[in-house]
């Protein structure tokens, strides 16, 4: 390879050269490639073709310094194993692409320090906006949001404690209280009076709200609350399996179990089967999340509208990005889970 050919290969193509190839101004190239302002479709296609032919790579760092925009948003979720987040991610990604942005995905594992890191990245202008699915309600999270001065949408996978708080962010709430209440009501309507509960992780707001709904539903329907019928665990399949074994082996066991998420319900379903029992003949079962595996196993569950969560969060983020200069009222979106009745609760006592 000659020295000249090596130099040609390493030469950085400039935006001016793209403009010359496309026969338009530098400003038009910038608008077309960055989806800023109006450029008609034919011109945009011509610019993109010229950029591809020349191998032009936009300088994101330079563009960020000039426009204060990165062209990136971030979605942060607590769990990599729970299928419920997949639909949320896909919906968020679809809307992000429609707005000419790219999306970063960040896993927090439900840890507050990791949640704070996402807000630090936002404050450092690594991304233009953040959708944070969080488990922590700590003043430090509020402090970071106040300092970021960039769009934030929060979802706690429950009725958000900070909704309508006049703080500088939008929220998406899922009425899990009503969801669990509906599940217990359904079990009562099916004739069950001894209903156990797989409670999830103790000390987490999302599971506190679900547990409170279980307690309130028992009281409403005048059913006895029993401590031995409630088991707290790590909200995983193995947690549900261990709790299911415990409940099934009680001498006076419940005739039905309401699980605070599908992963626990699936583990419980397996435990009942391993102990020689049948669902629902020996024990009825409900979950929450409406995962694909719950459909396969015929487990009654609650559709959490996760696709709508992703769509609404993305809509709020891009609406906020488009109106950053305006003093717009922050929004709080509420979604209600829908009970999907299947075979696991359709047996006679």
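Checked against the criterion of being closer than 19 Å to residue 84 by Cα and surrounded by fewer than 24 Cβ atoms within 10 Å (Cβ to Cβ), the stretch 239-259 has at least one qualifying residue. Checked against (1) in contact with a helix residue (DSSP H, G or I) (Cβ under 7 Å, 6 or more places away or on another chain); (2) part of a helix (DSSP H, G or I); (3) modelled with pLDDT of 90 or more, residue 51 passes all but a single condition, namely (3). In the stretch 159-178, the condition of being in a loop (DSSP other than H, G, I, E, B), outside the structural domain of residue 330 (by TED's automatic domain parsing), in contact with a helix residue (DSSP H, G or I) (Cβ under 9 Å, 6 or more places away or on another chain) and farther than 24 Å from residue 84 by Cα is met by no residue. Would you call residue 172 within 17 Å of the chain's Cα centre (by Cα) and either under 26 Å from residue 336 (Cα atoms) or surrounded by 19 or more Cβ atoms within 10 Å (Cβ to Cβ) (or both)? Yes: the conditions hold for residue 172. Whether a residue is touching a residue at least 40 places away in the same chain (Cβ under 8 Å) and in the same structural domain as residue 152 (by TED's automatic domain parsing) was assessed, and residue 311 passes this test. Within the bounds of the stretch 261-268, is there any residue that is out of contact with any helix residue (DSSP H, G or I) (no Cβ under 7 Å at 6 or more places or on another chain) and more than 15 Å from residue 231 (Cα to Cα)? No, the stretch 261-268 contains no residue that is out of contact with any helix residue (DSSP H, G or I) (no Cβ under 7 Å at 6 or more places or on another chain) and more than 15 Å from residue 231 (Cα to Cα).
Which one of 113, 147, 193, 212 is closer than 24 Å to residue 304 by Cβ and either surrounded by fewer than 19 Cβ atoms within 10 Å (Cβ to Cβ) or free of Cβ contacts under 8 Å to residues at least 24 places away in the same chain (or both)? None of the other options fit; the residue is 212.
The residues of the stretch 187-216 that are closer than 17 Å to residue 160 by Cα and in a loop (DSSP other than H, G, I, E, B), listed by number, are 203, 204.
Checking each residue in the stretch 124-140 for being surrounded by fewer than 15 Cβ atoms within 10 Å (Cβ to Cβ) and either in a helix (DSSP H, G or I) or in contact with a strand residue (DSSP E or B) (Cβ under 8 Å, 6 or more places away or on another chain) (or both) picks out 139, 140. Among the numbered conditions (1) assigned to a loop (DSSP other than H, G, I, E, B); (2) surrounded by fewer than 16 Cβ atoms within 10 Å (Cβ to Cβ), tell me where residue 219 comes up short. Residue 219 satisfies all of (1) assigned to a loop (DSSP other than H, G, I, E, B); (2) surrounded by fewer than 16 Cβ atoms within 10 Å (Cβ to Cβ) except (1).
May I ask you to verify whether residue 231 is surrounded by 16 or more Cβ atoms within 10 Å (Cβ to Cβ) and part of a helix (DSSP H, G or I)? So residue 231 does not fit the description; no. Where strands (runs of 3 or more DSSP E) fall entirely within the stretch 296-343, those with at least 1 residues that are touching a helix residue (DSSP H, G or I) at 6+ places or on another chain (Cβ under 7 Å) and closer than 25 Å to residue 96 by Cα are at 332-335.
Just one of the numbered conditions (1) closer than 19 Å to residue 335 by Cβ; (2) in contact with a helix residue (DSSP H, G or I) (Cβ under 6 Å, 6 or more places away or on another chain); (3) part of a helix (DSSP H, G or I) is not true of residue 184: (1). From the list 267, 276, the one residue that fits, being more than 21 Å from residue 181 (Cα to Cα), modelled with pLDDT of 95 or more, in the same structural domain as residue 183 (by TED's automatic domain parsing) and surrounded by 15 or more Cβ atoms within 10 Å (Cβ to Cβ), is 267.
The values are calculated or read from the model by the stated rules, or taken from the named source; none is laboratory data. What you see is a predicted model; the values in this text were computed from it and never measured. Neighbour counts run over all protein chains shown; Cβ positions are idealised from the backbone, glycine included.
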